[in-house]
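Asks: Take a look at the following structure, please.
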Amino acid sequence: MVLHGPGRQLNLDLLTMTEHLWDLTANDLARKIADGEVSSLEVIDAHLGRIEEVNGWLNAVTRVLADEARAAAEDADKAVAAGDELGPLHGVPCTIKENIDVAGTATTQGLPVFADLVSPTDAPLVERLRGAGAIPIGRTNLPEFGLRISTDNPLHGLTRNPWHPERTAGGSSGGEGSAIASGMSPLGLGNDIGGSVRNPAYCCGITSIKPTHGRLPSYSVFEHDQNPSLSSQIMLTDGPMARSVSDLQTAMKVLNGCDPRDPRSVTVSMGGPDSKRQAAVVKSISGTECHPSVVEGVERAASSLADAGWEIVENTPPGIDLCSEIWAHLLGTDVSLLMDAARPLLSEEMAAALDSGITEQFPSEIMDPNLVHSERIRLAREWSVFFTEHPVVIMPTWPQQPFEHGADISEDSRSELIEILRFITPANVLGLPSVALPVGVSEGLPQGVQCIADRWRDDLALTAGSDIESSLGVITPIDPITS
């Protein structure tokens, strides 16, 4: 018997014989810790044990913060015993992508040259997670500079998808996706300029949100990250990843709001005026063929919303196909400008892929930069008008199933990158909130959709995701498939 304050004692019998602490969501763990049903230390040890059990195969967690996490858990348990006021994530473990600063650890960006680039301070969002009681237990893998939609690098190597050993875990937050899906962490932080929290959510069967641009602050102590390129200023945002939409809602309340270190960030309420419960459903777009399992997943999500009382209409937002071209021009222009400085830091394979990727396919002479920005504003206006009639849009995450390792930078398939991201890029280009979540399993791989709403209506996207999840459930954590 372990006492946790007056009348409180640990009772692991409350967990079924088949349930592990690492099975539980962040909200469930926070409730059990606050009620004294389990200790934070036991929760941390359960997740550290799970990392030891499965990470050798998946290679999702790049650095384990065992000693620091256990010390923080002991302090968390003392706070429970003392009857202190507890944060919404008190004693709950979390993981952080290796391009977000965590004090005392390296912000590697997946590059060998940054392997010892140790940050003395936390990024703003890590500060907020700690302030809510969360405990970082590990750093997670990403591709070089986060510039791929799969996860592999010369510093830490390949991250595997727990659903299929030969398929990508997604990128660039693939370490987070794999870790959360396999029970190594219930909650994590990634970032998204081209689906980098939503791609892994789709591939690994978890949920994530790319928030409205500007809602969450981003800042690094390192000078090379402090003044981002134009495409990053316009399209990049950090965001939480988890296994349930409820956990995303909790995380967003914790993370929301401006920080003076990020002049783009603002404080806007997570709520909004009442809105009609109508969703526009997009199953395909011109020129992009969707795999049957993708269409089936969208239909399943739409059906679940209909059962929850939503009106469902089939309608496509204006200019959705043009969004990908705008995205490619914005990102491609910056990548081409940065390549001279970045080339010595990159692997030869990655440098070659960037040289012949979107920078070659979408050179500035094809679309004048002024036209790129004027078209972006026009599309943003037209989508905003569309949202007045259809408050939420349900669409695929990817048009295809997760691809095999390395296909995103192979010479034969580099041109297909823009096709894979057709449904991803509008949220980045237009600064919209997008919730990615699983809706089932087909042929042994997760199926998923996005719920997209207008700027600052993250709450609507989360509500739609929650209603879908209430009907269809969650599909992780799982034991990794190794063959």
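The values are calculated or read from the model by the stated rules, or taken from the named source; none is laboratory data. Only a predicted model underlies this, so the values are computations on that prediction, with no experimental measurement involved. Every residue, glycine among them, receives a Cβ derived from its backbone with ideal geometry; neighbour counts consider all protein chains shown. Accessible surface areas use protein heavy atoms only, side chains included; no ligands, DNA or RNA. Shrake-Rupley method; radii C 1.70, N 1.55, O 1.52, S 1.80 Å.
Asks: Kindly indicate whether any position in the stretch 301-316 is assigned to a helix (DSSP H, G or I), hydrophobic (A, V, I, L, M, F, W, C) and farther than 18 Å from Trp398 by Cα. So that I can check it myself, show each step before the final result.
Replies: Going residue by residue through the stretch 301-316, those that are assigned to a helix (DSSP H, G or I) are 301-307.
If we keep only those that are hydrophobic (A, V, I, L, M, F, W, C) too, we end up with 301-302, 305-306.
Then drop every residue that is not farther than 18 Å from Trp398 by Cα, which leaves 305-306.
Within the stretch 301-316 (the criterion being assigned to a helix (DSSP H, G or I), hydrophobic (A, V, I, L, M, F, W, C) and farther than 18 Å from Trp398 by Cα), the answer is yes, since at least one residue qualifies.
Asks: Any idea which of Glu299, Glu325, Glu311, Glu289 is surrounded by fewer than 17 Cβ atoms within 10 Å (Cβ to Cβ) and over 24 Å from Ser471 (Cα atoms)?
Replies: Values: Glu299 fails: over 24 Å from Ser471 (Cα atoms); Glu325 fails: surrounded by fewer than 17 Cβ atoms within 10 Å (Cβ to Cβ); Glu311 fails: over 24 Å from Ser471 (Cα atoms).
Within the list Glu299, Glu325, Glu311, Glu289, the selection yields Glu289.
Results for (1) assigned to a loop (DSSP other than H, G, I, E, B); (2) modelled with pLDDT under 95, shown as yes or no for each residue.
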site: Asp247; (1), (2): no, no
site: Ser265; (1), (2): yes, no
site: Gly332; (1), (2): no, yes
site: Arg343; (1), (2): no, yes
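Asks: I've got another one for you. Of all residues being part of a helix (DSSP H, G or I), of a type outside the set (Val, Ile, Thr) and modelled with pLDDT under 85 in the stretch 345-364, which is least open to solvent (accessible area, probe 1.4 Å)? Just the residue, please. Step through it out loud before you land on a result.
Replies: Of the residues in the stretch 345-364, the ones part of a helix (DSSP H, G or I) are 345, 348-356, 358-361.
Then drop every residue that is not of a type outside the set (Val, Ile, Thr), which leaves 345, 348-356, 360-361.
Now narrow it down to the ones that are modelled with pLDDT under 85: 355-356, 360-361.
Numbers: Asp355: 65, Ser356: 32, Glu360: 121, Gln361: 62 Å².
The extreme case among them is Ser356.
Asks: Could you list all residues from the stretch 100-121 that are touching a Ser or Thr at 6+ places or on another chain (Cβ under 6 Å), open to solvent by 10 Å² or more (accessible area, probe 1.4 Å) and part of a loop (DSSP other than H, G, I, E, B)? Outline the logic, then answer.
Replies: Filtering the stretch 100-121 for residues touching a Ser or Thr at 6+ places or on another chain (Cβ under 6 Å) gives 101, 103, 107, 114-115, 117, 119.
Going one step further and asking which of them are open to solvent by 10 Å² or more (accessible area, probe 1.4 Å), we end up with 103, 114-115, 117.
Matches in the stretch 100-121: Ala103, Ala115, Leu117.
Asks: Consider only pairs whose beta carbons are under 6 Å apart and that are at least six residues apart or on different chains; among these, list those whose first residue lies in the stretch 453-469 and is part of a helix (DSSP H, G or I) and whose second residue is crowded, with 24+ Cβ neighbours inside 10 Å and of a type in the set (Gly, Ala, Ser).
Replies: Final answer for the pair search is Leu460/Ala453; Ala461/Ala453; Ile468/Ala301.
Asks: Then there is this: Report yes if Met241 is modelled with pLDDT of 95 or more and closer than 24 Å to Thr140 by Cα, otherwise no.
Replies: Values: modelled with pLDDT of 95 or more: yes; closer than 24 Å to Thr140 by Cα: yes.
When the stated conditions are applied, Met241 passes them.
Asks: In the list Arg63, Arg70, which residue meets the criterion of being more than 21 Å from Leu21 (Cβ to Cβ), of a type in the set (D, E, K, R), touching a residue at least 24 places away in the same chain (Cβ under 8 Å) and surrounded by fewer than 22 Cβ atoms within 10 Å (Cβ to Cβ)? Even if it seems obvious, please write down each step before you answer.
Replies: Working: Arg70 fails: more than 21 Å from Leu21 (Cβ to Cβ).
Arg63 is the lone residue from the list that is more than 21 Å from Leu21 (Cβ to Cβ), of a type in the set (D, E, K, R), touching a residue at least 24 places away in the same chain (Cβ under 8 Å) and surrounded by fewer than 22 Cβ atoms within 10 Å (Cβ to Cβ).
Asks: Could we say that Arg215 is assigned to a loop (DSSP other than H, G, I, E, B), open to solvent by less than 40 Å² (accessible area, probe 1.4 Å) and of a type in the set (D, E, K, R) here? Steps first, answer last, please.
Replies: Values: assigned to a loop (DSSP other than H, G, I, E, B): yes; open to solvent by less than 40 Å² (accessible area, probe 1.4 Å): yes; of a type in the set (D, E, K, R): yes.
For Arg215, the condition - assigned to a loop (DSSP other than H, G, I, E, B), open to solvent by less than 40 Å² (accessible area, probe 1.4 Å) and of a type in the set (D, E, K, R) - is met.
Asks: Another one. All but one of (1) buried (at least 20 other Cβ atoms within 10 Å of the Cβ); (2) in contact with a helix residue (DSSP H, G or I) (Cβ under 8 Å, 6 or more places away or on another chain); (3) in contact (Cβ under 8 Å) with a residue 60 or more places away in the chain hold for Pro124; state the number of the condition that does not hold.
Replies: Checking Pro124 against (1) buried (at least 20 other Cβ atoms within 10 Å of the Cβ); (2) in contact with a helix residue (DSSP H, G or I) (Cβ under 8 Å, 6 or more places away or on another chain); (3) in contact (Cβ under 8 Å) with a residue 60 or more places away in the chain, the one that fails is (2).
Asks: Check the stretch 431-448 and report whether any residue there is part of a strand (DSSP E or B), among the hydroxyl-bearing types (Ser, Thr, Tyr) and either open to solvent by 10 Å² or more (accessible area, probe 1.4 Å) or in contact (Cβ under 8 Å) with a residue 60 or more places away in the chain (or both).
Replies: The first filter runs over the stretch 431-448 and keeps only residues part of a strand (DSSP E or B), leaving 434-442, 445-448.
Those still in the list that are among the hydroxyl-bearing types (Ser, Thr, Tyr) too: 434, 442.
Okay, now just the ones that are also either open to solvent by 10 Å² or more (accessible area, probe 1.4 Å) or in contact (Cβ under 8 Å) with a residue 60 or more places away in the chain (or both), so 434, 442.
Within the stretch 431-448 (the criterion being part of a strand (DSSP E or B), among the hydroxyl-bearing types (Ser, Thr, Tyr) and either open to solvent by 10 Å² or more (accessible area, probe 1.4 Å) or in contact (Cβ under 8 Å) with a residue 60 or more places away in the chain (or both)), the answer is yes, since at least one residue qualifies.
Asks: Yes or no: Glu166 at pLDDT 95 or above and under 22 Å from Ala436 (Cα atoms)?
Replies: No, not satisfied.
Asks: Here is a follow-up. So if I check each of Gly170, Gly195, Gly183, which one is in contact with a Cys (Cβ under 9 Å, 6 or more places away or on another chain) and either open to solvent by 10 Å² or more (accessible area, probe 1.4 Å) or among the small types (Gly, Ala, Ser) (or both)? Walk me through it before giving the result.
Replies: Values: Gly195 fails: in contact with a Cys (Cβ under 9 Å, 6 or more places away or on another chain); Gly183 fails: in contact with a Cys (Cβ under 9 Å, 6 or more places away or on another chain).
The conditions single out Gly170.
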